[in-house]
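One structure below.
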Amino acid sequence: MYAVVKTGGKQYRVSENDTLKVERLAGEAGDIVTLGDVLIVGDGENVTLGEPSVAGAAVAAEIVEQARDRKIIVFKKRRRQNYRRKAGHRQHYTLLKITEILTDGAKPSKKAAQKKPAKKAAPKADAAPAKEAPKAAAGADDLKKLSGVGPVLEEKLIAAGVTSFAQIAAWTEADIAEFDEKLSFKGRIEREGWIDQAKKLAAGEEE
């Protein structure tokens with residue numbers, strides 16, 4: 001069985017399962033469209049001619065893809081007028097697969113493919129979670145009582161395992177040099193007199 005159908009100002013001879021490239025039609029891939037302007041329907045020796053269309057006849061087709069054709073160059077020139085114009089053009093088209101040739105007002109048996117909702121991408125973390133500042137253990141001394149020690153230096157000391165004045169009071173010269181280099185204190189320990197301050201603060205808390 002075949003039919004001659006008109007769409008986009010052109011005529012096409014089609015049969016079931018034919019693939020056809022026509023002027024762009026509305027719809028998305030998977031949709032079923034009906035071409036109702038059928039000029040001829042033929043089934044073996046039986047041929048029905050339209051006047052101009054065959055009453056009750058239609059062609060059902062599935063949209064395979066919506067795309068654009070290859071580029072063509074449009075060049076215009078007028079002699080002795082210094083007129084030249086060059087432009088490119090890519091025609092939109094719809095690729096169809098013929099599913100049925102319908103007669104006597106029948107409706108397409110195939111329905112448009114059900115589209116699955118697009119999966120939402122998992123939200124990306126804008127940045128790695130900030131590392132929490134090291135917290136002093138319960139009962140630790142307030143190291144900010146030392147001269148020149150603020151929240152930042154206190155965090156450095158806690159991260160290095162120093163949480164009490166007694167620890168600082170017991171530092172030897174080797175310990176002072178080690179912490180001075182490890183924590184980039186640049187001589188602050190001796191300059192601020194942390195050892196003496198720590199001894200007095202530790203003694204005061206022990207009383």
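No lab work stands behind these numbers, since they all come straight from the coordinates. Note that this is a predicted model, so its numbers are computed, not measured. With ideal geometry, Cβ positions are generated from the backbone for all residues, glycine too; neighbour counts draw on all protein chains shown.
Return the calculated 222 nm mean residue ellipticity for the chain, to the nearest 500 deg cm²/dmol, obtained by summing -39500 (n - 2.57) across DSSP H runs with n ≥ 4 and dividing by the residue count.
Counting only the DSSP helices, I get -5500 deg cm²/dmol.
How long is the gain from E51 to H92 if the chain were fully straight, where each residue apart is worth 0.36 nm and the alpha carbon distance is subtracted?
Numbers: separation 41, 0.36 × 41 = 14.76 nm, distance 3.06 nm.
Additional length available on full extension: 11.7 nm.
Taking θ as phi - 60°, what are the ³J(HN,Hα) couplings along the range 27-34 by the Karplus curve (6.51, -1.76, 1.60), each to the nearest whole Hz, with x for Gly and Pro?
Working through the residues one at a time gives x, 10, 4, x, 6, 9, 10, 10 Hz.
Can you give me the convex hull volume of the Cα atoms of the range 2-102, divided per residue and expressed in Å³? The partial results should precede the final answer.
Numbers: hull volume 13.3 nm³, N = 101.
So the per-residue hull volume is 132 Å³.
With the radius of gyration and the Kirkwood radius both derived from the Cα set of the chain, what is their ratio Rg to Rh? Display every interim value, and only then the final one.
Working: Rg = 42.7 Å, Rh = 25.6 Å.
My calculation puts Rg/Rh at 1.67.
Between L102, L49, L146, where does the largest GNM mean-square fluctuation fall for the chain, given springs only between Cα atoms within less than 10 Å?
Checking each option, the largest mean-square fluctuation is seen for L146.
From the phi angles alone, apply the Karplus equation (6.51, -1.76, 1.60; θ = phi - 60°) to the range 75-82 and give each ³J(HN,Hα) in whole Hz, x where the residue is Gly or Pro.
Going residue by residue, I get 10, 10, 8, 10, 5, 6, 10, 6 Hz, with x marking Gly and Pro.
Amide H of Y93: which non-local residues (sequence gap of 5 or more, or other chain) have their own amide H closer than 5 Å, using H built in the peptide plane?
A67, R68, D69
Using modelled amide H (1.01 Å from N, peptide plane; none on Pro or chain starts), what sits under 5 Å from the amide H of D37, excluding residues fewer than 5 places away?
Amide H neighbours of D37: K6.
Could you tell me which of Q66, H89, A202 has its Cα farthest along the dipole of the chain towards the positive end, charges placed at Cβ (Lys, Arg +1; Asp, Glu -1), taken about the Cα centre?
Checking the options against the dipole of the chain, the answer is H89.
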